[in-house]
Amino acid sequence: GQNDADSGSAQHDPDNNESADPSSSVSYLVMYMDSDGSPVLDNDSGTGEAGEEIEVTAPELEGYTLDNDRQTLVLSDNAQDNTVVFIYKEVPTSREEPVQEESEQEESSESEPAIVYNTEGHLRILNKKYTERAEFDILAARFARESGIDTSVESPKTGKYSSTLAENLTGSRSDPTIFILSGTRDFEKYGSQCLDLTDCAAAKELLSEDYALHGTNGRTYGLACIVESYGLLVNTDLLEKAGYSISDIQSFRDLKRITEDITSRKKSLGFSAFTSPSIGPSAHGYYRYAEHAPAVPLYYELRDNDFNTGMTLHGDYMGYFKDYIDLCLNNSCVSPKQATSRTLEDAQQEFIQQKAVFHQDGSWDYRMLKDSMQNNLDVLPLYMGIPGEEDHGQCSTTSYFWCVNKYASADDIEAALQFLQWLVTSDDGRQTMASDMDFLIPYKGASAPDNLFLRKLLEEEEEGRPPVIQYYKNGNYDSWINAINNALEAYANGTGSWGAVTEGFKKLW
């Protein structure tokens, strides 16, 4: 899933980093690619100080055009942020259309009708996934090449999406044409700007209505952008060095027994059981324990009450959540008190450097980890000991939704609907999302991505083990996360009780 940090929430993707330390030297990368994602020029690179503003200009290239030949980069401590990508669009050349053979004409007439693109429209997409900004640029370039529709993407920098969205959706502005909302809490703010998508072609391709963003009238105003999942990553090489295999862990009892055994031998083994938890308001990546992990006891309590998200919570499964948090805090690379000063990046480096067996993370970080970990990765559900959890798989979240600006011109709205249709029905659109962007999209005929988390999610569903769904609520969702996070920090530091964590869980839902 998908809650961005600049709105006070803890989003699970790495777009929510803290501001850069102005005293550190960092490197940056400039890439020049065509609409297929292939390089057209050698990459450039350089270094500067974190916080420094650098203006990068792309050279002209014969046979190509650029929508934007100049970009400004504010250097960040996070290397993922320090990449600039220029997309070169090939200048089309006139050519005669090939004459179809009669058999090809017959086959064509039986297939889905081709989209007749409205080239009078203009499409501007406001993208929330900053870490995939290059891929979104390629996606737009491919659609522009296919459709002839002028298409561009704006990807606000880390921590800036909410403010950019608010600025753009003030009043009845017609731009952007397409934007991404984070579920019901964003819809409360901007639902009046959203076009009714109930009867559009892309909506009919959804695997389930669960992947639509509905208004109180039951109509569809948003279509799922991606499905993401999270669980417990396992370094299988280290697990085997400790004398175990992934098949030995089928429950929380198994996980606890193996974890505590590794901790008792960590000096001789040379590694710990868990990477450092990142807990507390100052810890980048705290969403893992203040949002994602609590989604598990939340799911089972909602399950017991017909998934009524408007109910008053009682914290029925918070004792199981405590067992999981205690296991993470007491068996990691650092002491519980140190956990409040550790970041997600610290934990990722511990995992990459073979310092721990287990690491809670999600599909959005898999690409970054897989290059370092190669083939010694597997993933488990977030076991907590809750009765019935053995019948479920990983946690799954769909919190990014495509929405169309109802105040755009008729031509631009038609272009937007055609883009969504192309995205989920064409081989090029689906392949770009699955292979190039590593996304799982919940539409008929979509390709499976090459992502361990998402492959396992599909396998678990095929085995009859549905995911633990991350539920969101209207209103105070951000306050709910922050209350849990603050209470967890005090608990880890030894200055607060578990009762405060439970109270935050119950009262602010």
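The values are calculated or read from the model by the stated rules, or taken from the named source; none is laboratory data. Keep in mind the model is a prediction, meaning the values are calculated, not measured. Methodologically, a virtual Cβ is constructed for each residue, glycine included, from the backbone with ideal geometry; neighbour enumeration extends over all protein chains shown.
Key figures
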quantity	calculated
Scan of segment 389-400 for residues that are in contact with a helix residue (DSSP H, G or I) (Cβ under 7 Å, 6 or more places away or on another chain), in a loop (DSSP other than H, G, I, E, B) and at pLDDT 90 or above, ordered by number	Gly393, Gln394
Failed condition for Gly475, given (1) surrounded by fewer than 20 Cβ atoms within 10 Å (Cβ to Cβ); (2) at pLDDT 90 or above; (3) within 20 Å of Leu181 (Cα to Cα)	(2)
Test: residue in segment 211-233 that is touching an Asp or Glu at 6+ places or on another chain (Cβ under 7 Å) and under 21 Å from Asn330 (Cβ atoms)	yes
Meets criteria (surrounded by fewer than 18 Cβ atoms within 10 Å (Cβ to Cβ) and under 25 Å from the mean Cα position of the chain (by Cα)) for Ser155	no
Condition check for Ala446: on the phi < 0 side of the Ramachandran plot and in a helix (DSSP H, G or I)	no
Which listed residue, of Ser229, Ser208, is closer than 25 Å to Met433 by Cβ, buried (at least 17 other Cβ atoms within 10 Å of the Cβ) and of a type in the set (Gly, Ala, Ser)	Ser229
Among the residues listed as Ser182, Ser174, Ser192, the single one being out of contact with any Ser or Thr (no Cβ under 8 Å at 6 or more places or on another chain) and more than 23 Å from Val85 (Cα to Cα)	Ser192
Members of segment 232-243 found to be assigned to a loop (DSSP other than H, G, I, E, B) and either touching a Lys or Arg at 6+ places or on another chain (Cβ under 8 Å) or surrounded by 14 or more Cβ atoms within 10 Å (Cβ to Cβ) (or both), listed by number	Ala242
Positions within segment 244-264 being outside any helix (DSSP H, G or I) and surrounded by 14 or more Cβ atoms within 10 Å (Cβ to Cβ), in sequence order	Tyr244, Ile249, Ser251
Only one of Ile386, Ile413 that is among the β-branched types (Val, Ile, Thr), at pLDDT 95 or above and in a loop (DSSP other than H, G, I, E, B)	Ile386
Meets criteria (of a type in the set (Gly, Ala, Ser) and either touching a Lys or Arg at 6+ places or on another chain (Cβ under 7 Å) or in a loop (DSSP other than H, G, I, E, B) (or both)) for Gly429	no
Residue in segment 312-326 that is part of a strand (DSSP E or B) and either modelled with pLDDT of 90 or more or surrounded by fewer than 19 Cβ atoms within 10 Å (Cβ to Cβ) (or both) present	no
Tally of residues being among the acidic types (Asp, Glu), at pLDDT 85 or above and in contact with a helix residue (DSSP H, G or I) (Cβ under 8 Å, 6 or more places away or on another chain) across segment 432-467	0
Filter result (more than 31 Å from the chain's Cα centre (by Cα) and either at pLDDT 50 or above or in a strand (DSSP E or B) (or both)) within segment 80-111	Val91, Pro92, Thr93
Filter pass, Ala408 being crowded, with 21+ Cβ neighbours inside 10 Å, assigned to a loop (DSSP other than H, G, I, E, B) and not polar (S, T, N, Q)	yes
Count - residues of segment 441-461 that are closer than 19 Å to His392 by Cα, hydrophobic (A, V, I, L, M, F, W, C) and within 16 Å of the chain's Cα centre (by Cα)	4
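Each row is one residue, and each column tells you yes or no for (1) surrounded by fewer than 24 Cβ atoms within 10 Å (Cβ to Cβ); (2) out of contact with any Asp or Glu (no Cβ under 8 Å at 6 or more places or on another chain); (3) of a type in the set (Lys, Arg); (4) part of a strand (DSSP E or B).
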| residue | (1), (2), (3), (4) |
| --- | --- |
| Glu350 | yes, yes, no, no |
| Val357 | no, yes, no, yes |
| Asp361 | no, yes, no, yes |
| Arg367 | yes, no, yes, no |
| Lys370 | yes, yes, yes, no |
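Conditions tested, residue by residue: (1) modelled with pLDDT of 80 or more; (2) of a type outside the set (A, V, I, L, M); (3) over 17 Å from Cys225 (Cβ atoms).
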position	(1), (2), (3)
Ser76	no, yes, yes
Pro113	no, yes, yes
Leu123	yes, no, no
Glu135	yes, yes, no
Ser152	yes, yes, yes
Ser155	yes, yes, no
Asn168	yes, yes, yes
Pro176	yes, yes, no
